[in-house]
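Rule-based calculations on the coordinates, nothing more; no lab input. Values in this document were obtained by computation on a predicted structure and should not be read as measured data. We place every Cβ from the backbone using ideal geometry, glycine too, and count neighbours over all the protein chains shown.
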Amino acid sequence: MTILVLGGAGYIGSHTAYELIDKGEDVVIADNLQTGYQEAVHPKARFYKGDIRDKAFLDNLFKNEKIDAVIHFAANSLVGESMTKPLKYYDNNLYGTMVLLQSMVENSIDKIVFSSTAATYGEPENIPILESDKTEPTNTYGETKLSMEKMFKWVSKAHNLRYVSLRYFNACGAHISGEIGEAHNPESHLIPIILQVPNGKRESVSIFGDAYPTKDGTCIRDYIHVTDLAQAHILAVEYLRKGNPSNIFNLGNGIGFSVKEVIDTARKVTNHPIPAVISPRRAGDPAQLIASSEKAKSILGWRPEHADLEEIIATAWKWHKNHPDGFKK
Ligand code: UDP
């Protein structure tokens, strides 16, 4: 039986496809290549170029392939952009998922694992954050992901369909081979931006605010390696294959690092001074986001293997050093 990876040419999707194929799964990838890259598609996966908002495309795919489960990454995911182009996020993330669900229901596909986010929580009420904590997103991106979760909840009550929602904290790092990694255009994530300095692509990195109520005044995040995220998706498919009920899990290491600590670690890994400049805060940034992933550990049996920040940044550096311009478009 085959696993369909929607958005399998993107950052987390491509890493998940690599891990699935390593485990001997038969993989089909669909991607519209708007933010994903053909080069990131695993050579052993069957690739379909198309958009999840195109129901005929999905119906055709489900008729051509024997899909056992769907892993759904096909979405826009930039917080800043979601605030200036909210309807783009409702269209791709929410409407796209609605079309996907219509096609899955009609074609009797009954298992799906999908990307959610720590941004569903908004400003946290507790640290570490539990899945049962209140969800009040502070940006459109988080709101569309929370709405997706709710759509899955109601659709799964009415139809024969079960889901697992995975709320990622800060995805980072790259495949151990250095063949695939993170590539956004323009780049907005902290670790790739830091690594642009030793790569000669920028002079310095900006620290967005140094007067937050944290140990050194800079924002604290829970950085989780992309391969560990990929493994959680595989465990979630197994969980559904065993007949377990729909569920929601946080995915993080449960350890917080400040922006300054991340920059210091990158200096150590790259042996470059990486100048940093204090800049104004970025709108909508909570001071601290740290996951409790106890639920994923106890129910899915998930064990993150790359929790060490130095190791995480070393894998990212291996990718960026050898691909300073990312993938070819
Ligand atoms: N950040 C920063 N400078 C940058 C990019 C990000 O100081 O050039 C900070 C950002 O304010 C946040 C953290 O780094 O506190 C992680 O940001 P990123 O965009 O990587 O992920 P997010 O937490 O927004 O999902």
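Is there a quick way to get the dipole size of the range 56-169? I mean about its Cα centre, with the Cβ of Lys and Arg at +1 and of Asp and Glu at -1; what is the value in debye to the nearest 20? All intermediate terms of the calculation are to be shown ahead of the outcome.
Values: 12 positive and 14 negative charges, 45 e Å.
Dipole about the Cα centre, nearest 20: 220 debye.
Which chymotrypsin sites (Phe, Trp or Tyr not before Pro) in the range 52-146 sit in a loop by DSSP (not H, G, I, E or B) and have at most 12 other Cβ atoms within 10 Å of their own Cβ? Let's see the in-between values first.
Numbers: sites: PHE57, PHE62, PHE73, TYR89, TYR90, TYR95, PHE114, TYR121, TYR141; in loops: PHE73, TYR121.
For chymotrypsin sites (Phe, Trp or Tyr not before Pro) across the range 52-146 that sit outside H, G, I, E and B with at most 12 neighbouring Cβ atoms in 10 Å, the list is empty.
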Most fluctuating of GLN102, GLN231, GLN38 in the GNM of the chain (C-alpha, under 10 Å) is GLN102
Of all DSSP beta bridges having both residues in the chain, the percent classed as antiparallel (nearest 5) is 5 percent
For the range 118-226 the GluC sites (Glu not before Pro) that pass both the DSSP coil test and the at-most-13 other-Cβ-within-10 Å test are GLU125, GLU203
Here the gain from full extension of ILE193 to GLU310, 0.36 nm per residue of separation minus their alpha-carbon distance, amounts to 40.5 nm
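Looking only at the range 203-329, where both bridge partners belong to it, what percent of the DSSP beta bridges are antiparallel (to the nearest 5)?
Within the range 203-329, antiparallel bridges account for around 25 percent of the total.
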From the cross-link list LYS44/LYS88; LYS145/LYS295; LYS88/LYS318; LYS157/LYS242; LYS55/LYS85; LYS44/LYS153, the entries with a Cα-Cα span beyond 22 Å are LYS44/LYS88; LYS88/LYS318; LYS55/LYS85; LYS44/LYS153
Measuring from the longest principal axis of the C-alpha atoms of the chain, the long axis of helix 140-158 (C-alpha) lies at a number of degrees, nearest 10, equal to 30 degrees
Taking R0 as 56 Å and r as the Cβ-Cβ distance between LYS242 and LYS201, the FRET efficiency 1/(1 + (r/R0)^6), rounded to the nearest 0.05, comes to 0.75
When the chain is treated as a Gaussian network with springs between alpha carbons less than 10 Å apart, the largest mean-square fluctuation among ALA183, ALA158, ALA291 is found at ALA158
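For ILE176, ILE194, what ranking results if the residue with the fewest other Cβ atoms within 10 Å of its Cβ goes first?
Numbers: ILE176 15, ILE194 28.
Fewest to most other Cβ atoms nearby, the residues stand as ILE176, ILE194.
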About its Cα centre, the range 165-239 carries a charge dipole, from +1 on Lys and Arg Cβ atoms and -1 on Asp and Glu Cβ atoms, whose size in debye to the nearest 20 is 140 debye
For GLU106 and LYS153, extending 7 Å from Cα along the Cα-Cβ vector and measuring point to point gives, in nm, a value of 2.8 nm
Any trypsin sites (Lys or Arg not before Pro) in the range 35-104 that lie in a DSSP loop and have at most 15 other Cβ atoms within 10 Å would be LYS44, LYS66
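Would you work out the charge dipole size for the chain about its Cα centre, treating the Cβ of every Lys and Arg as +1 and the Cβ of every Asp and Glu as -1, and quote it to the nearest 20 debye? List each step's numbers first, then the result.
Values: 36 positive and 40 negative charges, 81 e Å.
Taking the Cα centre of the chain as origin, the dipole is about 400 debye.
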Between LYS23 and MET83, the two model label points (7 Å from Cα along the beta-carbon direction) sit apart by a distance in nm of 3.7 nm
